[in-house]
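Step one of this worksheet: look at the structure below.
The values are calculated or read from the model by the stated rules, or taken from the named source; none is laboratory data. Quantities reported herein were computed from a predicted structural model and do not represent experimental measurements. In this analysis, Cβ positions are derived from the backbone assuming ideal geometry, glycine residues included, and neighbour counts consider all displayed protein chains.
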Amino acid sequence: MSLVRYEVDGAVATITLDRPPVNALNAELIADLDAAIAEAEAPDVRAVVVTGSPHFAAGADITGFQEAFEKGADERQSAGLLSVIGRLEALEKPTIAAVVGFALGGGLELAMGCDFRYLGDGAKVGQPEIRLGLIPGAGGTQRLPRIVGYQRGKELCMSGRHVPADEALAIGLADVVVPDDEVLERAKADAARYAAGPTRAYAAIKRAIRRGYDLPLDEALSVEAEAFGEVFATEDARIGVAAFLAKERPDFVGH
């Protein structure tokens with residue numbers, strides 16, 4: 001992984017995009033991201049932080065688009081990124097995007113693949129593909145409206161404007177905004193807190209919300225009931241209930 005750094009501290013993995021100067025997403029970087037996320041699937045990793053500096057990711061490497069035009073071929077880079085983001089979203093553990101600088105185009109789509117987005121106060125996010133005569137191709141038209149609402153998502157995709165951190169927080173696109181130099185440490189600290197929690201229960205919450213979100217309520221409740229039954233049988237459920245009854249703090253083991 002020459003364009004991504006993968007580090008584990010305790011039970012928290014940090015995936016850092018490392019393609020200066022702006023972490024433009026090309027095929028090699030996307031492949032390295034896929035490899036890093038595969039490593040983060042290990043059971044001893046119980047929370048993940050995704051980041052990049054000085055910019056999270058300023059979007060796709062447009063030279064790849066130009067080469068596709070010249071060859072008369074479809075640009076399939078977005079398909080690779082879509083697959084990687086899907087793998088990130090499916091991780092059965094909490095994930096946090098720690099965003100500084102730009103998270104634009106594929107960069108925002110990558111951040112939206114995480115459970116939470118922590119932004120530095122100088123960060124800007126957006127889906128500016130329309131400025132190139134294109135549309136988001138790695139989930140932007142689908143995940144963004146689900147996060148910020150139908151009308152706001154449409155406006156952001158059609159305007160292509162860059163959204164400052166304070167507005168991102170106000171519309172629910174950011175979960176936390178802190179000074180730029182504090183965002184990574186805040187994300188790691190919160191990831192460590194999640195990593196000490198009931199990992200199987202977090203995974204069940206993610207699956208239940210994802211699978212049930214677009215279903216009729218009665219079907220969605222069945223999804224939740226099935227997930228509850230799975231979690232009820234875990235060791236962490238026994239630990240949590242016993243600790244509550246003993247008025248002690250639970251020491252979850254992650255399974």
What residue, of A208, A187, A204, A192, is surrounded by 23 or more Cβ atoms within 10 Å (Cβ to Cβ) and either in a helix (DSSP H, G or I) or under 18 Å from the mean Cα position of the chain (by Cα) (or both)? A187
Checking V231, V177, V241 in turn, the sole residue that is in contact with a helix residue (DSSP H, G or I) (Cβ under 6 Å, 6 or more places away or on another chain) and either without any contact (Cβ under 8 Å) to a residue 12 or more places away in the chain or not in a helix (DSSP H, G or I) (or both) turns out to be V177
Tell me whether the range 67-84 contains one or more residues that are touching a Leu at 6+ places or on another chain (Cβ under 6 Å), at pLDDT 95 or above and closer than 25 Å to Y194 by Cα. yes
Filter the range 25-62 down to residues that are surrounded by 15 or more Cβ atoms within 10 Å (Cβ to Cβ), of a type in the set (G, A, S) and at pLDDT below 95, then give me how many there are. 4
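So which residues in the range 24-41 are in a loop (DSSP other than H, G, I, E, B) and either closer than 15 Å to I96 by Cα or within 16 Å of the chain's Cα centre (by Cα) (or both), if there are any at all?
Result: E41, single match.
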Looking at this structure, is Q127 crowded, with 19+ Cβ neighbours inside 10 Å, of a type in the set (S, T, N, Q) and more than 28 Å from T199 (Cβ to Cβ)? yes
